[in-house]
Amino acid sequence: MKDNTIFGYSWEEIKERQQCKHVNKKVDTTKQGDYGQDPLGDGMHKMVPSGDIVTTEEMMKRLGE
């Protein structure tokens, strides 16, 4: 196991979910601009909520990653 995760989750996160202690991160939908994305394949992403189809580089720029 290279990054010490199981399907992208750490062991601590898995234990929290099993014990119903996990709290999902809240998304601030009041800020302007996009706050999420759906991957479409071929390096393209549909931005939320604008619906724009953008490249991975543009998606990362918009989300501040």
Counting sequence-distant residues (5 or more places) and residues on other chains, those with an amide H built under 5 Å from that of ASP52 are MET47
For region 11-63, projected area of the alpha-carbon convex hull averaged over all directions, nm² | 5.2
per DSSP, antiparallel bridges as share of beta bridges in the chain, % nearest 5, sits at 100
What is the set of long-range amide H partners of GLN37 at a cut-off below 5 Å, with H atoms built 1.01 Å from backbone N?
-> VAL48
Those trypsin sites (Lys or Arg not before Pro) from the chain that are DSSP loop and have at most 11 other Cβ neighbours within 10 Å turn out to be LYS2, LYS21, LYS25, LYS26, LYS31
With contacts defined as alpha carbon pairs under 8 Å and 6 or more residues apart, what's the relative contact order of the chain in percent?
-> 18
In whole Hz, the Karplus estimates of ³J(HN,Hα) for region 49-62 (6.51, -1.76, 1.60; θ = phi - 60°; x where Gly or Pro) are x, 5, x, 5, 9, 9, 6, 4, 4, 5, 4, 5, 5, 5
Are there chymotrypsin sites (Phe, Trp or Tyr not before Pro) in the chain that DSSP marks as loop and that have at most 12 other Cβ atoms within 10 Å, and which are they?
-> PHE7
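No value in this document is a laboratory result; all are computed from the given coordinates. The shown structure was predicted, so the numbers you read here are calculated from the model rather than taken from an experiment. As a convention, Cβ positions derive from the backbone with ideal geometry for all residues, glycine included, and neighbour counts pool all protein chains shown.
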